[in-house]
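> Next up is a structure, given as structure tokens.
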Amino acid sequence: MLNGERLVNRPFRWAMVGGGRKSNVGYKHRTGALRDNANFQLVAGAFDIDPTQGKDFGVKIGVSSDRCYDNYQEMFAKEQDREDGVEVVTIATPNGTHYEITKAALKAGLHVICEKPLFFSSAEGEEIKDLAEKQNKIVGVTYGYSGNQLLLQMRAMIEKGQIGDIRVVDLQYTHGFSATDEPEKTSDAQKWRVDPKVAGPSFVIGDLSTHTYYMSQMIMPHMKIAKLLCDRQSFVGSRYPLEDNAHILMRYENGAVGTMWVSSINAGCTDGHRIRIVGSKASLEWWDDKPNELRYEVQGEPVRILYRGNDYLDDLAKEDERLGALHTEGLSDFWANIYHRFALAIEAKNSGDLKTLEALIYPGIQAGIDGIRWVENCVRSANANSTWIEYDHSGQKLHV
Ligand code: NAD
């Protein structure tokens with residue numbers, strides 16, 4: 001149970017690149033990192049591509065004006081010269097900038113927390129993994145939903161054989177906010193998402209399904225995809241070659257099969273984010289819009305709803321409990337859990353505590369690279385007339 005007590009020696013000095021006034025995701029990072037005031041202190045930032053906006057915003061959220069910088073290059077250089085300079089930076093900018101900013105941050109001696117999809121190619125991911133190792137730094141990836149404790153409950157139940165052998169993995173991350181081309185006309189965040197130069201080789205596969213893919217692997221770390229088929233469409237034609245809808249079929253090495261439906265044109269749907277795992281004895285099902293509930297369906301018995309925060313859950317699912325079962329938790333809590341684990345990972349990395357680091361379940365650089373590989377494999381299959389391909393776990397360079 002977490003109660004705000006400090007579990008790291010002192011809060012890390014933290015900065016942000018992006019995440020300013022008009023950004024979608026910036027506030028989620030701050031509510032996650034600054035929860036309890038125990039793990040991170042926001043001391044600097046280059047919050048916006050427009051320096052005036054960035055500075056004005058930074059000061060209004062309490063950062064001293066001399067540490068609100070025009071750009072990340074200036075921030076990294078000047079903070080390196082301070083005794084109390086930043087130690088960790090979050091990168092919350094559009095996809096196409098992640099690689100160069102992460103590289104610069106690691107070279108400046110910072111731990112990095114970066115948005116997904118991490119980079120465009122797994123080759124870039126491997127290069128950054130080597131650099132992070134050389135610099136003795138962590139790279140965390142903000143798969144924010146993965147901080148939901150009931151996903152860890154699923155992991156524990158599967159590990160203990162409570163649903164039997166896994167047969168079917170049914171994944172979905174859909175919404176309907178891009179059912180028309182209207183968002184491209186009104187939202188800067190949508191404009192770059194459908195521009196391959198900024199978004200990368202995919203739209204919804206990278207934007208949405210990288211979350212769900214990571215969550216499924218966190219729940220079932222022993223399951224490895226052997227083959228995959230991806231069929232993707234641009235229902236709003238101007239988005240071509242990037243997709244706004246895709247269906248992906250998977251065959252796992254152990255004989256299980258899987259599907260992922262990812263879409264931003266699921267008209268009328270606000271939040272269709274779902275994970276259903278079907279085993280030989282029972283099934284587990286979790287929906288993001290009911291994040292405190294986990295359906296446990298044993299064949300031949302009434303359906304059970306396991307509710308977050310209760311004593312009957314596995315210890316793994318109770319580690320990050322905050323409010324108790326009487327009260328509902330939500331996305332901000334799950335982001336706080338992820339940031340809490342980033343802080344533990346940074347502390348362990350700094351002190352050379354590899355045992356703690358290896359035991360910690362958190363989305364690190366490998367999860368980021370695996371997400372890129374997921375996108376690469378999906379795009380490779382889709383571009384080969386939606387045929388079955390052998391899943392390439394070693395990665396390949398994609399040219400957008
Ligand atoms: P956005 O367009 O809303 O915001 C991007 C912000 O970055 C803008 O405010 C812009 O001024 C700033 N920016 C761009 N380049 C910059 C630079 N070089 N230096 C400083 N600031 C810069 O985008 P968004 O929707 O917030 O997405 C940002 C990233 O977060 C993307 O990679 C996206 O995939 C990811 N994202 C993740 C989640 C999640 O749940 N983890 C949710 C939304 C977005």
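> Hey, any hits in the range 52-63 for a residue that's away from the ligand (no atom under 13 Å from the Cβ), closer than 20 Å to Ala343 by Cα and not small (Gly, Ala, Ser)?
First pass over the range 52-63, keeping only residues away from the ligand (no atom under 13 Å from the Cβ): 59-63.
Cutting the leftovers down to closer than 20 Å to Ala343 by Cα gives us none.
No, every residue in the range 52-63 fails to be away from the ligand (no atom under 13 Å from the Cβ), closer than 20 Å to Ala343 by Cα and not small (Gly, Ala, Ser).
> Report every pair of residues separated by at least 6 positions or lying on different chains whose Cβ atoms are under 9 Å apart, first residue within the range 342-360 and at pLDDT 95 or above, second among the polar types (S, T, N, Q) and part of a helix (DSSP H, G or I).
Partner pairs satisfying both residue conditions: Leu344/Thr356; Ala345/Thr356; Glu347/Thr356; Ala348/Thr356.
> So, in the range 353-381, of the ones that are open to solvent by less than 50 Å² (accessible area, probe 1.4 Å) and either outside any helix (DSSP H, G or I) or among the acidic types (Asp, Glu) (or both), which residue ends up nearest to Gln135 (Cα to Cα)? If you could, list the steps in order and put the result at the bottom.
Restricting attention to the range 353-381, the residues satisfying the condition of being open to solvent by less than 50 Å² (accessible area, probe 1.4 Å) are 357, 360-365, 367-369, 371-379, 381.
Subset that is either outside any helix (DSSP H, G or I) or among the acidic types (Asp, Glu) (or both): 360-364, 376.
Details: Leu360: 20, Ile361: 22, Tyr362: 20, Pro363: 19, Gly364: 15, Glu376: 27 Å.
Filtering the range 353-381 for residues that are open to solvent by less than 50 Å² (accessible area, probe 1.4 Å) and either outside any helix (DSSP H, G or I) or among the acidic types (Asp, Glu) (or both), the one nearest to Gln135 (Cα to Cα) comes out as Gly364.
> Let me ask another. So in the range 7-20, with the set limited to residues that are crowded, with 16+ Cβ neighbours inside 10 Å and more than 6 Å from the ligand (Cβ to nearest atom), which one is farthest from Ile49 (Cα to Cα)? Outline the logic, then answer.
Just the residues of the range 7-20 that are crowded, with 16+ Cβ neighbours inside 10 Å, to begin with: 8, 11-20.
Those left that are additionally more than 6 Å from the ligand (Cβ to nearest atom): 8, 11-16, 19.
On the way: Val8: 33, Pro11: 27, Phe12: 25, Arg13: 22, Trp14: 19, Ala15: 15, Met16: 12, Gly19: 10 Å.
Checked the range 7-20; the qualifying residue farthest from Ile49 (Cα to Cα) is Val8.
> Considering only residues of the range 145-174 that are under 14 Å from Tyr296 (Cα atoms) and among the polar types (S, T, N, Q), which is nearest to the chain's Cα centre (by Cα)?
Only one residue tops the list, namely Gln153.
> Then there is this: Looking at the range 230-248, which of its residues are of a type in the set (A, V, I, L, M) and over 23 Å from the mean Cα position of the chain (by Cα)? Break it down into steps so the answer makes sense when it comes.
Step one: filter the range 230-248 for residues of a type in the set (A, V, I, L, M), giving 236, 242, 246, 248.
Passing the criteria: only Val236.
> Would you mind listing the helices (runs of 4 or more DSSP H) fully within the range 151-266 where at least 1 residues are open to solvent by 60 Å² or more (accessible area, probe 1.4 Å)?
On the way: elements: 182-186, 188-193, 196-199, 210-219.
Here the list reads 182-186, 188-193, 196-199.
> Also, quick follow-up: How about the range 21-51: which of its residues are of a type outside the set (D, E, K, R) and either part of a loop (DSSP other than H, G, I, E, B) or more than 16 Å from the ligand (Cβ to nearest atom) (or both)?
Going through the range 21-51, the residues of a type outside the set (D, E, K, R) turn out to be 23-27, 29, 31-34, 37-47, 49, 51.
Ser23, Asn24, Val25, Leu34, Asn37, Ala38, Asn39, Phe40, Gln41, Val43, Phe47, Ile49 - these are the residues of the range 21-51 that are of a type outside the set (D, E, K, R) and either part of a loop (DSSP other than H, G, I, E, B) or more than 16 Å from the ligand (Cβ to nearest atom) (or both).
> So in the range 87-127, with the set limited to residues that are over 24 Å from Val43 (Cβ atoms), more than 10 Å from the ligand (Cβ to nearest atom) and assigned to a helix (DSSP H, G or I), which one is most open to solvent (accessible area, probe 1.4 Å)?
Glu127
> Looking at the range 307-348 only, could you name the residues that are among the basic types (Lys, Arg) and open to solvent by less than 20 Å² (accessible area, probe 1.4 Å)?
Of the range 307-348, the ones among the basic types (Lys, Arg) are 308, 318, 322, 341.
The answer is Arg308, Arg341.
The values are calculated or read from the model by the stated rules, or taken from the named source; none is laboratory data. A quick note: this is a predicted structure, and the numbers were derived from the prediction, not measured. For neighbour counting, all protein chains shown are included, and Cβ atoms are generated from backbone atoms with ideal geometry for every residue, glycine included. For the accessible areas, the whole protein counts, side chains as well, though only heavy atoms, and no ligand, DNA or RNA atoms are used. Shrake-Rupley method; radii C 1.70, N 1.55, O 1.52, S 1.80 Å.
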